[in-house]
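Comments concern the structure below.
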Amino acid sequence: MKVIYLDNNATTRVDPLVVEAMQPYFSELYGNPSSMHSFGGQVAQKLQFAREQTAALLGADPSEIIFTSCGTESDNAAIKGTLASYPEKKHVIISRVEHPAVLNQAKYLTKAGYKVTELGVDREGRLNLEQLKKSLTDDTAMVSLMWANNETGVVFPVEEIAELVKSRGAVFHTDAVQAAGKIPINLKKSQIDFLSLSGHKLHAPKGIGVLYKRKGARFTPFMVGGHQERGLRSGTENVPYIIGLGVACQLAVDRMEDENTRVKVLRDKLEKGLMSVVPNVFINGGGAPRLPNTLSISFEYIEGESILLMLDKLGICASSGSACTSGSLEPSHVLRAMGVPFTAAHGSIRFSLSYFNNEEEIDFVLAGVPPIIEKLRAISPFWKPGTSRPAAACS
Ligand code: PLP
């Protein structure tokens, strides 16, 4: 059975060009980049090139790139590394829709005596900037807000936020794991201090990430050991993956326009097609600026898990809520924060596209989904044809 992969916000296919570029670094070119001999030295040169390719995607200087193992590590390093550098400040601001890599750190920080403010979002998933302004105090060490949401694709105005945060003397970190490679980023023109990126969201392998650290930003590393990454993240470099990430970043630069035109057209076709045929659906974050590849759609009065199982039988891969929360039957924390009604949050599906999708696949999904929804609604105790929108929002 052909697989139609529409779960690219969970992870992406490693691009064949990335695999090809990595291959020699497992076999012939296995030297340690820190070695004195030229066999290792040639690897060091390639690492530097990958650093330049990565910096170019972010509009950063290569010296501001720190390679890590994943987005989660980058988020942890940014937050822990900043707070350790400002021990006198005990206040942190995040949002209620952050990824668990940030949200669960916040829980840990609260236990450790920090005050954590979680900013709310509106029904479209937009951040309340007034609440942010009011929350910033002289005790605020840092603000960590995602660039784009993994479930809805809603984009926060992080450049504007960075200016606001810096004007109050706090540090600003953004989790750009979903944004990087999908929308243009130019850190030279922004005041963002730290940014997290993850390779497996942009066609590089799982197990490689980046922490961008603005030149001069105070940072206390929590991986301490050798001198790698200028002593900011010790441990022998994951050479093949770093080389692969560099190529993936280069490809993302080359394909940015395609992502924002062809991929967006496919996403919009899927969205409009489903909305015009299936009753009682709505788009989560549809009224906000969104990533070009992401569609979070709620089918009222049915279970997302059941939809996923039936899609799976057709070879269609999607997600209910975020992949990290789909093991749980609770509606996702993101949809709850947006006040999506309970009956709709449960029936939410995330389709996330990539460069590798085509129109034929979208047509297949458009033909496959409506009968699934009809079948599930026919056996749903809550569904009556012509049912109007429900009132109760989930808490
Ligand atoms: N941040 C966001 C917004 C994500 O979507 C993810 C992964 O889903 C992460 C962080 C964690 O990245 P990684 O899987 O590389 O640890």
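Just a few scattered comments:
- Positive minus negative residues near residue 87 (Lys, Arg vs Asp, Glu; Cβ under 14 Å): +2
- Kirkwood hydrodynamic radius of segment 122-187, Cα pairs, Å: 12.5 Å
- Computed per residue of the chain from DSSP H runs no shorter than four, each worth -39500 (n - 2.57), the mean residue ellipticity at 222 nm is -11000 deg cm²/dmol.
- Estimated translational D of the chain in µm²/s (Stokes, Kirkwood radius over Cα pairs; 25 °C; 0.890 mPa s): 112 µm²/s
- Take the Cα of residue 138, step 7 Å toward its Cβ, do the same at residue 19, and the gap between the two points is 5.9 nm.
- Using the Cβ of residue 251 as centre and a radius below 11 Å, the other residues enclosed give a net charge of -3, where K and R count +1 and D and E count -1.
- Across the cross-link table entries 80/166; 111/213; 269/375; 107/215; 134/215, which are compared at the Cα atoms, the separations over 25 Å belong to 111/213; 107/215; 134/215.
- The alpha carbon centroids of segment 363-386 and segment 119-155 are separated by 35 Å.
- Ranking by accessible area, most exposed first, for 111, 272, 89 with a 1.4 Å probe: 111, 272, 89
- For the pair residue 107 and residue 29, label points projected 7 Å from Cα toward Cβ lie 4.3 nm apart.
- Among 365, 97, 278, residue whose mean-square fluctuation peaks in a GNM of the chain (springs only between Cα atoms under 10 Å): 278
- Kyte-Doolittle mean at least -1.0 and Cα axial length at least 27 Å: DSSP H helices in the chain: 38-58, 239-258, 359-378
- Dipole axis of the chain (+1 Lys, Arg; -1 Asp, Glu on Cβ), positive-most option in 69, 143, 210: 143
- Shape of segment 330-372, Cα gyration tensor, a/c cut at 1.5: oblate
The values are calculated or read from the model by the stated rules, or taken from the named source; none is laboratory data. Model, not experiment: these values are computed from the prediction. Heads up, the Cβs are rebuilt from the backbone with ideal geometry, glycines too, and the neighbour counts pull from every protein chain shown. Ligands, DNA and RNA are stripped out before the accessible areas are found, and what is left, the full protein with its side chains, is counted by its heavy atoms. Shrake-Rupley method; radii C 1.70, N 1.55, O 1.52, S 1.80 Å.
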